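The values are calculated or read from the model by the stated rules, or taken from the named source; none is laboratory data. What you are looking at is a predicted structure, and each value in this text was computed from that prediction instead of being measured. Methodologically, a virtual Cβ is constructed for each residue, glycine included, from the backbone with ideal geometry; neighbour enumeration extends over all protein chains shown.
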Amino acid sequence: MSTAASAAPPATRPVMEPVPVRVTSVSKETHDTFTLTVAPPPGDPVSAFEPGQFSMLYVYGVGELPISISGDPAVRESLTYTIRSVGQVTYQLVTRQPGDFIGVRGPFGSSWPLKEARGKSVLIVAGGIGLAPLRPAIYSILRHRGDYNRLVILYGSRSPRDLLYRKEFAAWGLLPDTQALSTVDYGGVTWRGHVGVVTTLFRLVRMQPKETVAMICGPEIMMRYAARELEARGLPPEQIHLSMERNMKCGAGFCGHCQMGPYFVCKHGPVFSYPEIKPYLDLYEL
Amino acid sequence: MAPSEMKTVLTAHPFLEGLPEKYVDMLSKLAFEVHFDQDEVIFREGDPSSLFYLILDGKIALEMGAPGRQIIIQTLEAGDELGWSSLLENTSKQFRARCLEPVRALAFDGARVVNLCEEDHEFGFHIMRRALALVAERLRATRLQTLDVYSPKGARRP
């Protein structure tokens, strides 16, 4: 076997086999949320993702979790994940040091309908860490700005200290034909921004509902209310898309842990159109 | 503000969208323009409810005292309404309203609006239907806020 042949990444790989990737940076976004960047092997299919897809991240000897990819899809040299430290595996992920190795499987799942949205306005509605899976879509739209009309980004968070990507978000709001509004559920008296749930921002949006594609990601309750409200405001339901979360384990629709009605969220989702997923939104997750 | 301008401004406000012109005329006779400076308190928790406002410019924080601190639970701005409780009788303010920015608004004496509603039930129906929609919207938003959906337990992918 030649050296060159052994260094080339495989075109395909067994779906359950993690690729060892080197951690290049871990940066703090908020008091409990961090952005982890890893360097996959050059040319490896693990880095070829569409906005909205997720990877399975494996901390060797600890466990594996589905994490949405939050970086720029045009950058193939690295993969970026924004992770909230809420448990053992996420804690281990965000406390990795540059040079450490973790395992990555994927990318998995469906993606945001960026092709269908061409020629239309795009309304991004994010809640909490739900902004992370939407950020690659925003990067992609900004990279192909001429293909879309208005871009509106609405972002709700628990409190000012929980807002992600603050500088980047402020910069988006300064771009032409772009509106970026954030709101928090509770503000301290020094907070000068909006306070209220993210749906209260809808009345401040300037766009034609019939010519708009909405992409929503956040806590399921927030997505339900947002989708209902957008439908009431005239957005055709098939132009509303949601990213769902369930207990994803295998990432390929084998194990059934993430079943939601007739769908496996890891394979048929996580991005669904509203009419597809609406009948199952009220089902209690066991 | 000139009467003709007052009518134009009232007609354009979302709260009165679709209100028949004769009722806009009635309201325009009650309305008066008010201005508040940044950080000025419009009313405090416990104050008797008296004025109802349609906000034209600026931003207002509704604040509530919590142990050891004051928190903002909602912000209101152009196109919003403030002081709906003044359309009810014998009520007092539940929150403190403080201006985050200089505010311009149209104010109405709530008792006089209610008297007009009593005198003309069709007008009353229009106003109370709008008030009910406003209260329902605020209730829905407050319910969502109390669910604390962004807390770690309710978070999306970690």
_Show me the strands (runs of 3 or more DSSP E) entirely contained within the range B:1-94 in which 2 or more residues are away from chain A (no Cβ under 14 Å)._
B:32-36, B:41-43, B:51-57
*Of the conditions (1) of a type outside the set (Gly, Ala, Ser); (2) over 19 Å from A:GLU50 (Cβ atoms); (3) touching a Pro at 6+ places or on another chain (Cβ under 7 Å), A:LEU163 fails just one. Which one is it?*
(3)
*When residues of the range B:98-131 are filtered for being hydrophobic (A, V, I, L, M, F, W, C), in a helix (DSSP H, G or I) and closer than 23 Å to B:MET64 by Cβ, how many remain?*
1
*Looking at A:LYS249, is it modelled with pLDDT under 90 and over 15 Å from the mean Cα position of the chain (by Cα)?*
yes
*If you scan the range A:153-210, which residues turn out to be within 18 Å of the chain's Cα centre (by Cα), of a type in the set (A, V, I, L, M, F, W, C) and over 25 Å from A:ILE221 (Cα atoms)?*
A:TRP172
_Qualifying position, being touching a residue at least 40 places away in the same chain (Cβ under 8 Å), more than 14 Å from chain B (Cβ to nearest Cβ) and under 29 Å from B:GLN74 (Cα atoms), among A:VAL205, A:VAL197, A:VAL213_ = A:VAL213
*Could you grab the pairs with beta carbons closer than 9 Å, sequence gap of 6+ or different chains, first residue in the range B:54-71 and under 15 Å from B:LEU100 (Cβ atoms), second one modelled with pLDDT under 90 and among the basic types (Lys, Arg)?*
B:LYS59/A:ARG192; B:ALA61/A:ARG192
*asked:* I need the full set of residues from the range B:113-135 which are more than 28 Å from B:GLN70 (Cβ to Cβ) and surrounded by 14 or more Cβ atoms within 10 Å (Cβ to Cβ), in order please.
replied: B:VAL113, B:VAL114, B:LEU116, B:CYS117, B:ASP120, B:PHE123, B:GLY124, B:HIS126, B:ILE127, B:MET128, B:ARG130
_Hey, A:GLY234 among the small types (Gly, Ala, Ser), more than 11 Å from chain B (Cβ to nearest Cβ), touching a Phe, Trp or Tyr at 6+ places or on another chain (Cβ under 8 Å) and assigned to a loop (DSSP other than H, G, I, E, B) or not_ = no
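Residue-wise test of (1) at pLDDT below 90; (2) surrounded by 17 or more Cβ atoms within 10 Å (Cβ to Cβ); (3) within 15 Å of A:ILE124 (Cα to Cα).
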| residue | (1), (2), (3) |
| --- | --- |
| A:LEU163 | no, yes, no |
| A:LEU181 | no, yes, yes |
| A:GLY188 | yes, no, no |
| A:ARG192 | yes, no, no |
| A:LEU201 | no, yes, yes |
| A:ARG206 | yes, no, yes |
| A:VAL213 | no, yes, yes |
| A:LEU242 | no, yes, yes |
*If you take the residues in the range A:216-246 that are touching a residue at least 24 places away in the same chain (Cβ under 8 Å) and more than 21 Å from the chain's Cα centre (by Cα), which one is farthest from B:GLN145 (Cα to Cα)?*
A:PRO236
_Where A:THR90 falls short, out of the listed (1) surrounded by fewer than 17 Cβ atoms within 10 Å (Cβ to Cβ); (2) touching a residue at least 24 places away in the same chain (Cβ under 8 Å)_ = (1)
*Search the range A:149-194 for residues being among the β-branched types (Val, Ile, Thr) and in contact with a strand residue (DSSP E or B) (Cβ under 7 Å, 6 or more places away or on another chain), and hand back the single one that is nearest to the other protein chains (Cβ to nearest Cβ).*
A:VAL189
*How many of the residues in the range A:30-45 are more than 14 Å from every other protein chain (Cβ to nearest Cβ), part of a loop (DSSP other than H, G, I, E, B) and in contact with a strand residue (DSSP E or B) (Cβ under 9 Å, 6 or more places away or on another chain)?*
3
*Of the residues that make up the range B:145-152, is at least one within 14 Å of another protein chain (Cβ to nearest Cβ), over 21 Å from B:ASP57 (Cα atoms) and among the acidic types (Asp, Glu)?*
yes
